[in-house]
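To start, the structure itself, in structure tokens.
Every number here is computed from the coordinates shown, using simple stated rules; none is lab data. Keep in mind the model is a prediction, meaning the values are calculated, not measured. Glycine gets a Cβ as well: all are built from the backbone with ideal geometry, and neighbour counts include every protein chain shown.
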Amino acid sequence: MKLFTLGPVEMFPHTLETASKPIPYFRTPEFSSVVLESEKLLKAFAKAQDDAKTVFLTASGTAAMEATVINCFDRRDKLLVIDGGSFGHRFTQICDIHEIPYDSIKLTYPTPLTREALYRYDKGGYTALLVNLDETSTGQLYDIGLLSEFCRRNNMLLVVDAISAFLADPIDMENSCIDVLIFSSQKSLALGPGLSVIMLSPKIYDERIKDSKPKTMYFDFNSYIDNGKRGQTPFTPAVRVIYELHDMLKHIEAAGGVEQRIAHIAKVAADFRERIKTMGLSLPPYNLSNAVTPLYFPDGNAKAVYERLKEDYDVYVTPNGGELADSVLRVGHLGNHTVEDNVMLVELMKKVMS
Ligand SMILES: *Cc1c(COP(=O)(O)O)cnc(C)c1O
């Protein structure tokens, strides 16, 4: 089996080995030090402030998105959401459920987010911007510089779902004035599912979290932050995934750090995009994340190609849902991928398409 999916993704042998070990008891100083060391490395990789706060939530990415909204915002806010695909749309659904006022910038595939489209909302009285840095459903990588500048001049908080972009595309939490950064274990970290991390800037912690009492027990950030001081979580965490995380972060550090890791994914993604140039497929006109290549199939055989690769070769690419099901396939570059894997995949795609 080979996964070119977007979560879970193709894992590394060292992760599988870590995952095969027995799960130890976790209310111990040993486990605490694994958590604290992981937090330190994650903050370094995200270029977060030293006093940024970290929440280790045992839940998938959507829960981290929802928890962020519950902890940071209420009915007195007015949010701006980039709704550029199914994950951006999810933020609007979360705001609807929790009755938090928002406007959304709706982008239908394959429309890029332009400066003009964004600045129509300038001076609109918004309190925060919610964005999925890589809108994984379309592969559009938004311009963090543009978004950051917009938020600064409008005095808005900036919430970034980097669930697929973290470790795949450059992120600098402090420099880009990101107030909340969200990512999950099963995407570019290439671990098992079940763990999400929420990083909070000192600014949003002081303004929105410290003194708040959200109506939720499991998702109350303050209890995670309090327990986190000693490397613990309020409830049973995904212990195994935290060991996988620690192992992965140490590997990334030993191999040259986050820049090296991003450079590798960028190289693999660029190589794939070069190789498919002669296949009659097209790429969308916007800036792409290194995490994923969305391929447009003019003959409407995207779903059929996905099925053949799966059934005949045990190779998984990522199908799209809804209206794009027959016209778009996504090839994920997250996880254990090399140029040789691209060679293999492109050969198989050519075979099944002929
Ligand atoms: C995968 C993903 C999510 C949510 O993922 P779940 O873990 O399935 O809840 C949210 N946002 C983005 C950008 C994603 O790629």
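Dipole size of the chain about its Cα centre, with +1 on Lys/Arg Cβ and -1 on Asp/Glu Cβ: approximately 280 debye, rounded to the nearest 20. Report summary: the helix-based calculation at 222 nm, which adds -39500 (n - 2.57) for every DSSP H run with n ≥ 4 and divides by the residues of the chain, gives -11500 deg cm²/dmol.
Working value for the stretch 120-273: equivalent-ellipsoid semi-axes of 26, 25, 13 Å, each the square root of 5 times a Cα gyration tensor eigenvalue, largest first. As a calculated quantity, the FRET efficiency between residue 278 and residue 301 at R0 = 22 Å, using C-beta atoms, amounts to about 0.80.
Highest GNM mean-square fluctuation among 322, 256, 88, for the chain modelled with Cα contacts below 10 Å: 322. Electrostatic bookkeeping for residue 314 treats Lys and Arg as +1 and Asp and Glu as -1; over the other residues with beta carbon under 12 Å from its beta carbon, the sum is +1.
Of the GluC sites (Glu not before Pro) found in the stretch 253-354, not one falls in a DSSP loop while having at most 12 other beta-carbon atoms within 10 Å. Summary of the geometry: the stretch 36-63 and the stretch 102-174, compared by the centres of their Cα atoms, lie 21 Å apart. The equivalent ellipsoid of the stretch 190-344 has semi-axes of 38, 20, 16 Å, largest first, where each one is the square root of 5 times an eigenvalue of the Cα gyration tensor.
Please return the longest range in the chain lying between exposed loop sites, taking chymotrypsin sites (Phe, Trp or Tyr not before Pro), DSSP loop only, at most 14 other beta-carbon atoms within 10 Å, and leaving the sites out.
26-217
Compare 157, 107, 245 in a GNM of the chain, Cα atoms joined below 10 Å, and give the one with the largest fluctuation. For the chain, modelled as a Gaussian network with Cα springs under 10 Å, the answer is 107.
No solvent, one uniform scatterer per C-alpha: report log10 I(q)/I(0) for the chain via the Debye equation at q = 0.06, 0.09, 0.12, 0.13 1/Å, two decimals. For the chain at q = 0.06, 0.09, 0.12, 0.13 Å⁻¹, log10 I(q)/I(0) is -0.21, -0.49, -0.87, -1.02.
Taking amide H as placed 1.01 Å from N in the peptide plane, the amide H of residue 81 sits under 5 Å from that of 103, 104, 105, 130, each at least 5 places away or on another chain.
Which value does Rg/Rh take for the stretch 142-212 over its C-alpha atoms, Rh per Kirkwood?
Rg/Rh: 1.00.
Within the chain, the longest segment free of exposed loop sites, counting trypsin sites (Lys or Arg not before Pro) that fall outside DSSP classes H, G, I, E and B and have at most 11 other Cβ atoms within 10 Å, spans 231-354.
Here the label points at residue 155 and residue 63, each 7 Å from Cα along the C-beta direction, are separated by 3.7 nm in the simple model.
Count Lys and Arg as plus one, Asp and Glu as minus one, and take only other residues whose Cβ is under 12 Å from that of residue 35; the net charge is then +1. Among the listed pairs 277/351; 123/213; 47/250, those with a Cα-Cα distance over 20 Å are 123/213. Can you tell me which of 29, 202, 101 moves the most in a GNM of the chain? Springs connect C-alpha atoms under 10 Å apart. Of 29, 202, 101, the most mobile in the Gaussian network model is 29.
With K and R counted +1 and D and E -1, the other residues having a Cβ less than 11 Å from that of residue 115 yield a net charge of -3. Comparing 290, 309, 232 along the charge dipole axis of the stretch 230-354, the residue lying farthest to the positive side is 232, per the Cβ-charge model. Under 5 Å between amide hydrogens, built in the peptide plane, is the criterion, and for residue 295 it picks out 329, 330, 331 among residues at least 5 positions away or on other chains.
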